[in-house]
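Following: one structure in C-alpha cells, then a few remarks.
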C-alpha cells in the first residue's frame, strides 16, 4: 500500500514538472526543472528496485546534464541577459501534441501483454533469474550475483554506461574549462586607444 502511495506521488510530481517545463519561458527555470525531473525519475527507479538505472539517471540526468545546460547558459548569455526568456512560438502546437498523444497511446498499447511488475511467473523469473542464481559462481567466479551480472553477463552494457558517463564528464570539463572570449576594450568615442 505504501509503495503505491510513493509511486503515485512520484509520478504526480514528474507530471507536474513536465507541465511546468512546457509552460515555462525562463531558460534558467527550465534547466532547473529538468534537473528536478531527472531527480524524481531516479527516485522512481529506486522504488522499482533498479538501483543501477537510478544511479545513472541521477549522475547523468540530474547531475551532468544540468551542469552542461547551466554552463551553456553561462557561456551564451551575459550576466545582463541571465533572465533571458524563450521567444513565444509563432505556430500552434497541434502537430507536436498529436504526435505525443499517438506515441503515448502506442506505448500504452504495447504494455498490455507484458507481465505484471514483480510477477513470479514472468519469463525473466522462470528462466533468466534461476540461471544467474545457479550458474553465476561457476561461470564467472564472482560470488556476488549482481556483480556477476553487471560485470560479466552484461559487461558490454555496463561498459557502454560507463563510457557515456565518462564522455559526459569530459564534456563538462571542456565546457567549464574553456575560456570565454574577452571583448576588446573600446573607448566611448568609438575607437581603440593605443597604449
Task: Test: residue 33 is outside any loop (DSSP other than H, G, I, E, B) and either assigned by TED's automatic domain parsing to the domain that holds residue 165 or farther than 30 Å from residue 76 by Cβ (or both) - done: no
Open item on the list: Condition first: farther than 27 Å from residue 97 by Cβ, free of Cβ contacts under 8 Å to residues at least 60 places away in the same chain and in a helix (DSSP H, G or I). Can you find one or more residues in the range 5-12 that meet it?
Closed with: yes
- [ ] Look through 8, 14, 22 and report the one residue that is surrounded by fewer than 16 Cβ atoms within 10 Å (Cβ to Cβ), within 17 Å of the chain's Cα centre (by Cα) and assigned by TED's automatic domain parsing to the domain that holds residue 77.
- [x] 22
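When you scan the range 27-52, how many residues do you find that are without any contact (Cβ under 8 Å) to a residue 12 or more places away in the chain and surrounded by fewer than 16 Cβ atoms within 10 Å (Cβ to Cβ)?
Going through the range 27-52, the residues without any contact (Cβ under 8 Å) to a residue 12 or more places away in the chain turn out to be 29, 46, 49-51.
Among the residues that remain, those that are also surrounded by fewer than 16 Cβ atoms within 10 Å (Cβ to Cβ) are: 29, 49-51.
Count: 4.
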Open item on the list: Among the residues of the range 134-143, what is the count of those that are in contact with a helix residue (DSSP H, G or I) (Cβ under 8 Å, 6 or more places away or on another chain) and either loosely packed, with under 11 Cβ neighbours inside 10 Å or at pLDDT below 85 (or both)?
Closed with: 2
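Might you check whether a residue that is surrounded by fewer than 15 Cβ atoms within 10 Å (Cβ to Cβ) and modelled with pLDDT of 80 or more occurs anywhere in the range 178-191? Don't jump to the end; show me each part of the working.
Our first condition is that a residue be surrounded by fewer than 15 Cβ atoms within 10 Å (Cβ to Cβ); within the range 178-191, this holds for 178-191.
Next, only the ones that are modelled with pLDDT of 80 or more stay: none.
No, there is no match, as no residue in the range 178-191 is surrounded by fewer than 15 Cβ atoms within 10 Å (Cβ to Cβ) and modelled with pLDDT of 80 or more.
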TODO: Keeping to the range 107-125, report how many residues are surrounded by 10 or more Cβ atoms within 10 Å (Cβ to Cβ) and either more than 23 Å from residue 4 (Cβ to Cβ) or in contact with a strand residue (DSSP E or B) (Cβ under 6 Å, 6 or more places away or on another chain) (or both).
DONE: 1
Open item on the list: Looking only at the range 144-166, how many residues end up being modelled with pLDDT of 80 or more, surrounded by 12 or more Cβ atoms within 10 Å (Cβ to Cβ) and closer than 30 Å to residue 77 by Cβ?
Closed with: 1
TODO: Check residue 169 against each of (1) touching a helix residue (DSSP H, G or I) at 6+ places or on another chain (Cβ under 6 Å); (2) touching a residue at least 24 places away in the same chain (Cβ under 8 Å); (3) not assigned by TED's automatic domain parsing to the domain that holds residue 30 and name the one condition it does not meet.
DONE: (1)
- [ ] For the range 83-100, state whether one or more residues are under 25 Å from residue 7 (Cβ atoms), part of a loop (DSSP other than H, G, I, E, B), modelled with pLDDT of 80 or more and under 28 Å from the mean Cα position of the chain (by Cα).
- [x] no
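The values are calculated or read from the model by the stated rules, or taken from the named source; none is laboratory data. Remember, it's a predicted structure, so these values are computed and weren't measured experimentally. Please note: Cβ atoms are built from the backbone with ideal geometry, for glycine as well, and neighbour counts cover all protein chains shown.
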